[in-house]
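Step one of this worksheet: look at the structure below.
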Amino acid sequence: MSQSPGTIRLTMAQALVKYLQVQYSERDGKTRRLIPSIFGIFGHGNVAGLGQALFEYGQELPYRQPRNEQSMVHAALGYAKANNRLAALACTSSIGPGATNMVTGAATAVTNRLPVLLLPSDYYATRYQGPVLQQLEHPVSADVSVNDCFRPVSRFFDRITRPEQLLTALPEAMRVLTDPADTGPVTLSLPQDVQAHAYEYPAHFFERREWRVERRPPDSQRISEAVELLKASDRPMIIAGGGVHYSEAWNELQSFSDKFGVPVSETSAGKGAMRNASPLLLGGQGVNGTPAAAKISSQADLVISIGGRMMDFTTGSQSAFNNPDVKFININVGNHDAYKQGGVPITADAREALAALTKAADAAGIQPNAAYVQEITALNHEWREQLENEVAQETPGEAMSQGQLISVLNDAAQPGDTIIGAAGTPPGDLLKMWDATGGRSCHLEFGFSCMSYEIPAGLGVRMTQPDGEVYVFIGDGTYLMNPTELVTAMQENLKLTLVISENHGFQSIRSLQMLRAGRSFGNEFRSRDMERNRLEGAYMKIDFAQNAESFGAKSWHVTTPEGVRHALREARGESGTCVIVVDVEPHRYLPDAGVWWDIPAAESSGDPETQARRQQYEEGLPLQRFHY
């Protein structure tokens with residue numbers, strides 16, 4: 001067939017592959033590939049379309065083979081987070097279960113505002129074939145497929161029913177992926193027949209394009225309003241969220257805090273926002289945070305949220321801010337978050353907003369309050385003493401606590417190392433205890449708190465971080481959900497060091513269960529008691545170390561702090577993936593922050609234990625308030 005001048009005849013899938021290889025992001029004059037690689041699991045829905053295109057045209061779009069579709073999305077999210085959202089990965093699946101397996105990953109992405117390009121296959125657009133394998137038949141809406149599940153968990157969704165639709169869909173997809181406010185998962189649903197349909201695409205469509213990640217400046221009037229609040233404040237505080245990282249505003253945050261004596265607490269996504277040690281660093285914020293941060297929050301008359309969502313763990317279900325005159329300033333790239341809590345909205349890049357606010361506050365003559373700084377220093381000292389007295393000491397007859405394990409791990413960590421946590425007790429304990437200063441990074445996914453995120457996310461981090469250790473800190477429950485990406489780690493030579501805290505179950509939820517129900521039920525790995533017909537027998541014996549070895553990892557099973565230290569030293573010298581299994585005391589937890597969380601106990605129950613928990617729950621309700 002003859003080809004029109006200035007066009008290239010390609011299938012839709014081939015055009016997609018060629019286009020992705022010439023897309024770049026740019027910020028502050030630095031450019032990088034926007035989509036430098038693609039994960040995928042092939043089936044009949046994409047093997048002859050996108051699979052063929054990758055083989056023939058994907059020389060600069062390396063293909064990586066995961067073990068599970070959900071995991072490949074989580075790997076892409078770890079990669080995006082490690083790149084401060086300036087680069088993303090693509091993920092392709094077949095039709096049906098391959099596609100729906102990605103939905104949980106998409107939900108993790110949209111909750112955490114992380115970019116990823118999802119390419120699920122879909123039904124035949126021509127419909128000649130009748131219902132095809134793995135196609136949903138909807139009795140009312142003939143154009144619905146399971147891929148419509150992606151709509152509520154995508155920042156942009158399009159179904160490509162004709163090959164020329166790429167000409168508008170792909171630029172919009174790239175725009176969303178690189179927009180600081182709109183970014184998140186982008187889903188292009190690809191009917192399997194259309195993937196193979198050809199079209200004469202304009203040649204200029206495949207020319208290199210750079211997508212600028214803008215630094216939006218703050219409105220000067222909003223900066224003035226914020227300075228007036230700061231001038232009137234006696235007890236200001238900052239809550240640093242993930243936006244500090246994504247705008248690379250670390251130096252500006254530290255400078256503002258030091259210059260004006262404003263303490264900083266960190267959300268899970270914001271962990272490590274203060275990169276250098278400071279007496280003004282309060283540690284974790286909210287329910288999973290430190291007592292020091294909780295006390296300052298309760299008395300603060302001005303809360304400056306930077307790049308955060310102010311979710312319930314941060315605000316203690318709106319119970320954490322008890323000063324009757326508290327005011328809020330919200331620095332965020334998105335209006336939706338900037339207007340929360342009835343605060344002064346500064347809709348801007350965090351780095352630019354902090355720079356402007358620092359300049360204006362300095363011009364207004366704002367000075368640190370020496371007594372307030374001294375109070376904060378004393379509270380931090382009390383917290384460190386509490387950790388030493390309640391966590392660092394060994395208890396006769398007990399295994400080491402998870403707090404002791406984290407302390408040993410933190411001592412062993414070096415500049416350039418990263419630790420990852422997401423679900424169960426690890427993310428909360430890391431938020432409380434992990435020292436992320438001095439170049440020791442901490443990557444916490446607690447927006448969706450998705451179990452089985454951690455190992456694949458570690459792969460994404462390692463793809464970005466060639467040096468240092470990538471520690472994946474998980475419980476045994478999370479490990480059992482999806483350990484198979486260890487195979488991908490071995491296949492791709494992406495070294496991870498897993499530290500498995502073996503506490504025989506989902507102990508974080510058991511702890512909550514005891515707090516709100518007073519009874520343990522269904523959260524521990526116990527055998528069935530045949531007399532009671534409940535899972536209340538002995539703890540199950542599971543050899544996690546041997547399981548990891550079956551995937552090709554080197555493993556250790558240790559029971560003491562010195563055993564952990566020895567294993568960590570040996571693991572650092574290994575070139576391949578390592579797994580350290582550590583026995584920890586099941587029901588020993590870190591000191592509580594004292595921040596209330598709205599999880600209702602049963603309002604009606606004949607169980608006196610549950611009745612008592614309901615009374616305790618109701619005692620916290622008066623702390624809640626609306627901020628508007």
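Need the failing condition index for Ser604 against (1) modelled with pLDDT of 95 or more; (2) open to solvent by 40 Å² or more (accessible area, probe 1.4 Å); (3) under 31 Å from the mean Cα position of the chain (by Cα), just the number.
(3)
Is one or more of the residues making up the range 479-497 touching a helix residue (DSSP H, G or I) at 6+ places or on another chain (Cβ under 9 Å), crowded, with 18+ Cβ neighbours inside 10 Å and part of a strand (DSSP E or B)? Walk me through how you get there before you give the answer.
Looking only at the range 479-497, we keep the residues that are touching a helix residue (DSSP H, G or I) at 6+ places or on another chain (Cβ under 9 Å), and these are 479-480, 482-486, 488-489, 492, 494-497.
If we keep only those that are crowded, with 18+ Cβ neighbours inside 10 Å as well, we get 479, 482-483, 485-486, 488-489, 494-497.
Restricting the remaining residues to those that are part of a strand (DSSP E or B) gives 497.
Yes: the range 479-497 contains one or more residues that are touching a helix residue (DSSP H, G or I) at 6+ places or on another chain (Cβ under 9 Å), crowded, with 18+ Cβ neighbours inside 10 Å and part of a strand (DSSP E or B).
State the number of residues belonging to the range 204-231 that are without any contact (Cβ under 8 Å) to a residue 12 or more places away in the chain and either closer than 15 Å to Leu302 by Cα or surrounded by 20 or more Cβ atoms within 10 Å (Cβ to Cβ) (or both).
Of the residues in the range 204-231, 1 are without any contact (Cβ under 8 Å) to a residue 12 or more places away in the chain and either closer than 15 Å to Leu302 by Cα or surrounded by 20 or more Cβ atoms within 10 Å (Cβ to Cβ) (or both).
Suppose the filter is of a type in the set (A, V, I, L, M) and either closer than 30 Å to Gly477 by Cβ or surrounded by fewer than 21 Cβ atoms within 10 Å (Cβ to Cβ) (or both); does Ala348 pass it? Working first, answer last.
Numbers: of a type in the set (A, V, I, L, M): yes; either closer than 30 Å to Gly477 by Cβ or surrounded by fewer than 21 Cβ atoms within 10 Å (Cβ to Cβ) (or both): no.
Against the criterion (of a type in the set (A, V, I, L, M) and either closer than 30 Å to Gly477 by Cβ or surrounded by fewer than 21 Cβ atoms within 10 Å (Cβ to Cβ) (or both)), Ala348 does not qualify.
Restricting to the range 401-440, give me the number of residues that are of a type in the set (S, T, N, Q) and either part of a loop (DSSP other than H, G, I, E, B) or within 18 Å of the chain's Cα centre (by Cα) (or both).
We begin by selecting, within the range 401-440, every residue of a type in the set (S, T, N, Q); these are 401-402, 404, 407, 410, 414, 418, 425, 437.
Remaining after also requiring either part of a loop (DSSP other than H, G, I, E, B) or within 18 Å of the chain's Cα centre (by Cα) (or both): 401, 414, 418, 425, 437.
Summing the residues that are of a type in the set (S, T, N, Q) and either part of a loop (DSSP other than H, G, I, E, B) or within 18 Å of the chain's Cα centre (by Cα) (or both) in the range 401-440 gives 5.
Could you please give the count of residues in the range 350-379 that are assigned to a helix (DSSP H, G or I) and touching a residue at least 60 places away in the same chain (Cβ under 8 Å)? Please lay out each step first, then the result.
Just the residues of the range 350-379 that are assigned to a helix (DSSP H, G or I), to begin with: 350-363, 370-379.
Add one more test, that the residue is touching a residue at least 60 places away in the same chain (Cβ under 8 Å), and what stays is 350-358, 360-362, 370, 372-373, 376-377, 379.
Total meeting the criteria: 18.
Looking at (1) open to solvent by less than 20 Å² (accessible area, probe 1.4 Å); (2) in a strand (DSSP E or B); (3) of a type outside the set (Gly, Ala, Ser), which one does Leu568 not meet, given that it meets all the others?
Of (1) open to solvent by less than 20 Å² (accessible area, probe 1.4 Å); (2) in a strand (DSSP E or B); (3) of a type outside the set (Gly, Ala, Ser), only one is false for Leu568: (2).
Considering Glu562, Glu549, Glu574, which residue is at pLDDT 95 or above and either within 30 Å of Glu382 (Cα to Cα) or surrounded by 18 or more Cβ atoms within 10 Å (Cβ to Cβ) (or both)?
The conditions single out Glu562.
Could you check Arg127 against (1) in contact (Cβ under 8 Å) with a residue 40 or more places away in the chain; (2) open to solvent by 50 Å² or more (accessible area, probe 1.4 Å) and say which number it fails?
(1)
For the range 97-122, which positions are farther than 15 Å from Leu188 by Cβ and either in a loop (DSSP other than H, G, I, E, B) or hydroxyl-bearing (Ser, Thr, Tyr) (or both)?
Those that are farther than 15 Å from Leu188 by Cβ and either in a loop (DSSP other than H, G, I, E, B) or hydroxyl-bearing (Ser, Thr, Tyr) (or both): Thr100, Asn101, Thr104, Thr108, Thr111, Arg113, Leu114.
Taking the residues in the range 607-627 that are of a type in the set (A, V, I, L, M) and open to solvent by less than 70 Å² (accessible area, probe 1.4 Å) as candidates, determine which candidate is nearest to Ser297 (Cα to Cα).
Residue satisfying both the conditions and the ranking: Leu621.
Listed residues Asn330, Asn410; which is under 21 Å from Ala273 (Cβ atoms) and open to solvent by less than 10 Å² (accessible area, probe 1.4 Å)? Full working, then the answer.
Numbers: Asn410 fails: open to solvent by less than 10 Å² (accessible area, probe 1.4 Å).
Step by step, each of Asn330, Asn410 is checked, and only Asn330 is under 21 Å from Ala273 (Cβ atoms) and open to solvent by less than 10 Å² (accessible area, probe 1.4 Å).
Tally the residues that are out of contact with any Gly (no Cβ under 6 Å at 6 or more places or on another chain), touching a residue at least 40 places away in the same chain (Cβ under 8 Å) and not hydroxyl-bearing (Ser, Thr, Tyr), restricting the search to the range 550-591.
First, pick out the residues of the range 550-591 that are out of contact with any Gly (no Cβ under 6 Å at 6 or more places or on another chain): 550-589, 591.
Next, from what is left, pick out any that are touching a residue at least 40 places away in the same chain (Cβ under 8 Å): 551-553, 559-561, 564-565, 568-569, 571-572, 574-589, 591.
Subset that is not hydroxyl-bearing (Ser, Thr, Tyr): 551-553, 561, 564-565, 568-569, 571-572, 574, 576, 578-588, 591.
Residues that pass the stated criteria total 24.
Could you tell me which numbered condition Glu585 fails, if it satisfies all but one of (1) over 25 Å from the mean Cα position of the chain (by Cα); (2) within 30 Å of Pro561 (Cα to Cα); (3) open to solvent by 80 Å² or more (accessible area, probe 1.4 Å)?
With respect to (1) over 25 Å from the mean Cα position of the chain (by Cα); (2) within 30 Å of Pro561 (Cα to Cα); (3) open to solvent by 80 Å² or more (accessible area, probe 1.4 Å), Glu585 is out only on (3).
Output the strands (runs of 3 or more DSSP E) that fall wholly within the range 274-335 and possess 2 or more residues being in contact (Cβ under 8 Å) with a residue 12 or more places away in the chain and closer than 22 Å to Ile346 by Cβ, or say none.
On the way: elements: 281-284, 302-306, 327-332.
By residue number, 302-306, 327-332.
Would you check which residues across the range 461-477 are of a type in the set (Val, Ile, Thr) and either closer than 26 Å to Ile542 by Cα or crowded, with 22+ Cβ neighbours inside 10 Å (or both) and list them? First the steps, then the outcome.
Of the range 461-477, the ones of a type in the set (Val, Ile, Thr) are 461, 464, 470, 472, 474.
Across the range 461-477, the qualifying residues are Val461, Val470, Val472, Ile474.
Considering Glu390, Glu394, Glu382, Glu398, which residue is at pLDDT below 95, in a helix (DSSP H, G or I) and either of a type in the set (A, V, I, L, M) or open to solvent by 30 Å² or more (accessible area, probe 1.4 Å) (or both)?
Numbers: Glu394 fails: in a helix (DSSP H, G or I); Glu382 fails: at pLDDT below 95; Glu398 fails: in a helix (DSSP H, G or I).
Every option except Glu390 fails the conditions.
Given the structure, is Ala203 more than 30 Å from Gly51 (Cβ to Cβ), at pLDDT 95 or above and of a type in the set (Gly, Ala, Ser)? Step through it out loud before you land on a result.
On the way: more than 30 Å from Gly51 (Cβ to Cβ): no; at pLDDT 95 or above: yes; of a type in the set (Gly, Ala, Ser): yes.
Judged against the criteria, Ala203 is not a match.
How many residues does the range 67-93 contain that are out of contact with any Lys or Arg (no Cβ under 9 Å at 6 or more places or on another chain) and open to solvent by less than 10 Å² (accessible area, probe 1.4 Å)?
Residues flagged as out of contact with any Lys or Arg (no Cβ under 9 Å at 6 or more places or on another chain) and open to solvent by less than 10 Å² (accessible area, probe 1.4 Å) within the range 67-93 amount to 11.
Can you report the number of residues in the range 244-266 which are open to solvent by 20 Å² or more (accessible area, probe 1.4 Å) and either small (Gly, Ala, Ser) or touching a Pro at 6+ places or on another chain (Cβ under 6 Å) (or both)?
Of the residues in the range 244-266, 1 are open to solvent by 20 Å² or more (accessible area, probe 1.4 Å) and either small (Gly, Ala, Ser) or touching a Pro at 6+ places or on another chain (Cβ under 6 Å) (or both).
The values are calculated or read from the model by the stated rules, or taken from the named source; none is laboratory data. No experiment lies behind these values; they were computed from the predicted model shown. Cβ atoms come from the backbone with ideal geometry, glycine included; neighbour counts cover every protein chain shown. For the accessible areas, the whole protein counts, side chains as well, though only heavy atoms, and no ligand, DNA or RNA atoms are used. Shrake-Rupley method; radii C 1.70, N 1.55, O 1.52, S 1.80 Å.
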